[in-house]
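Notes to accompany the following structure.
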Amino acid sequence: MAYISVPTESKKKINKAGKLLSTDDFYSADYQNALELANNWRACHAYPINTFQATLRKKMKEVSNDGLVAQRLKRMPTIIDKLRRFPNMQLTTMQDIAGIRAILKKVPEVKKLVKSYTNNKSLPHELVEEYDYITNPRDIDGYRSYHLVYKYQNALNSNYDGLRIEMQFRTRLQHIWATAVETMGTFLGQALKSKQGDTEWLDFFAAVSSAFSFLEGTQQVPRFAHLNKEQTIELVAKMEKELGAIEKMKNFSIVINSIGRGKSYYYHLLVLNSLEHNIKVYTYDRDNFEKALVDYAKFENEAAKGSKLEPVLVSAGPMENLRKAYPNLFLDISEFERVLMRLIKTGK
């Protein structure tokens, strides 16, 4: 499989391209050149992310037989939005361009897998950031997960040294919450995942996360820590009724059963049309990664010009695993609905 090399341009030039992309001059030649360079910078992360996911799969087997591993390169519109929201951020030091996700059943499994990295002195890569959002849930929206950010190092192939990889470790319950936030953000046209949007929805998901913490025996969301389990569930039920959240989710959800059957492909390019509420899936084997990147950039360019398309290129193995790892991409939050309804009705 051919991988994209790190661009020969200086980091200063790459960061300058990132700054240019935070403007709105989509049609200028300079903007298109900057976009091409940014796409190449993103694409070169494919080699280190593949190395990390291979190691993660091995470590996962020592912890859980039914864990799930998935990887993705960050969508260019999301990269550009992040550069706009954080003017001091540099494209070359953005830590989550390449992301790997590990989903396990229980919190102890998450902690054990995390320790297999943080306590591993023989790991060649440099740990540069560590965020424990399970012990310290994010107050504004209730996000819970464990993040490790590494700088890639390889004595045998130093071409990719210094590229950053973000690893996310979470439970299944934390995962369905996070994907529900992202999916509802898509439907509502709000960046709920980025802590932006209507306060009512941010408050609702934060309260749900705090209620979920009782099910897993973890820390509550700080602003709801004064409430006991019954009071938290009562608050969630009240918020849900005022928002009509479950009914909206039922109306929005789409279950797609006919795509992706048969051959198991390595890469999947999913193109979500949030206006029409449908999705198209393009599949590629291991040897066609460059073609996948070209198609990915084409759809992203259309999105940047105002279309309602939201493309994302991911690798999670068979389509069944892809659905489990990225239910938000299939506009499917049915599992979140079931858990929420059961919690409100029974407290379990």
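The values are calculated or read from the model by the stated rules, or taken from the named source; none is laboratory data. As the structure is a prediction and not an experimental result, all values here were calculated from the model. Using ideal geometry, Cβ is built from the backbone for each residue, glycine included, and neighbour counts are taken over all protein chains shown.
Working only within the range 196-240, note down all residues that are out of contact with any helix residue (DSSP H, G or I) (no Cβ under 7 Å at 6 or more places or on another chain), in a loop (DSSP other than H, G, I, E, B) and closer than 19 Å to PHE336 by Cβ. Answer for the range 196-240, where residues must be out of contact with any helix residue (DSSP H, G or I) (no Cβ under 7 Å at 6 or more places or on another chain), in a loop (DSSP other than H, G, I, E, B) and closer than 19 Å to PHE336 by Cβ: just ASP198. Among the criteria (1) of a type in the set (Ser, Thr, Tyr); (2) in contact (Cβ under 8 Å) with a residue 60 or more places away in the chain; (3) within 22 Å of MET249 (Cβ to Cβ), the one SER145 does not fulfil is (2). Of the residues contained in the range 80-102, one or more are found to be among the hydrophobic types (A, V, I, L, M, F, W, C) and touching a His at 6+ places or on another chain (Cβ under 7 Å). Screening the range 31-79 for residues that are more than 20 Å from PRO7 (Cβ to Cβ) and of a type in the set (Lys, Arg) and picking the one that is nearest to the chain's Cα centre (by Cα) gives ARG72. Does ALA155 count as aliphatic (A, V, I, L, M) and buried (at least 23 other Cβ atoms within 10 Å of the Cβ)? Against the criterion (aliphatic (A, V, I, L, M) and buried (at least 23 other Cβ atoms within 10 Å of the Cβ)), ALA155 does not qualify. Got at least one residue in the range 118-130 being β-branched (Val, Ile, Thr) and either closer than 20 Å to TYR296 by Cα or touching a helix residue (DSSP H, G or I) at 6+ places or on another chain (Cβ under 8 Å) (or both)? No, the range 118-130 has no match at all. Go through (1) farther than 23 Å from LEU270 by Cβ; (2) modelled with pLDDT of 90 or more; (3) within 22 Å of the chain's Cα centre (by Cα); (4) not charged (D, E, K, R) one by one and return the number of the condition SER22 breaks. Unmet condition: (2). Among the residues making up the range 273-283, a single one is in a strand (DSSP E or B), of a type in the set (A, V, I, L, M) and at pLDDT below 75: ILE279.
Among the aromatic types (Phe, Trp, Tyr), over 30 Å from PRO77 (Cα atoms) and under 21 Å from the mean Cα position of the chain (by Cα), is that true of PHE224? No: the conditions fail for PHE224.
Selection of first residues in the range 94-112 that are closer than 17 Å to VAL6 by Cα and of second residues that are modelled with pLDDT of 95 or more and hydrophobic (A, V, I, L, M, F, W, C), restricted to Cβ pairs under 6 Å at least 6 apart or on distinct chains, gives the following pairs, ordered by first then second residue: GLN95/VAL149; ALA98/ILE165.
Listed by position, the helices (runs of 4 or more DSSP H) inside the range 1-117 whose residues that are crowded, with 21+ Cβ neighbours inside 10 Å, in contact with a helix residue (DSSP H, G or I) (Cβ under 9 Å, 6 or more places away or on another chain) and not aliphatic (A, V, I, L, M) number at least 3 are 29-43.
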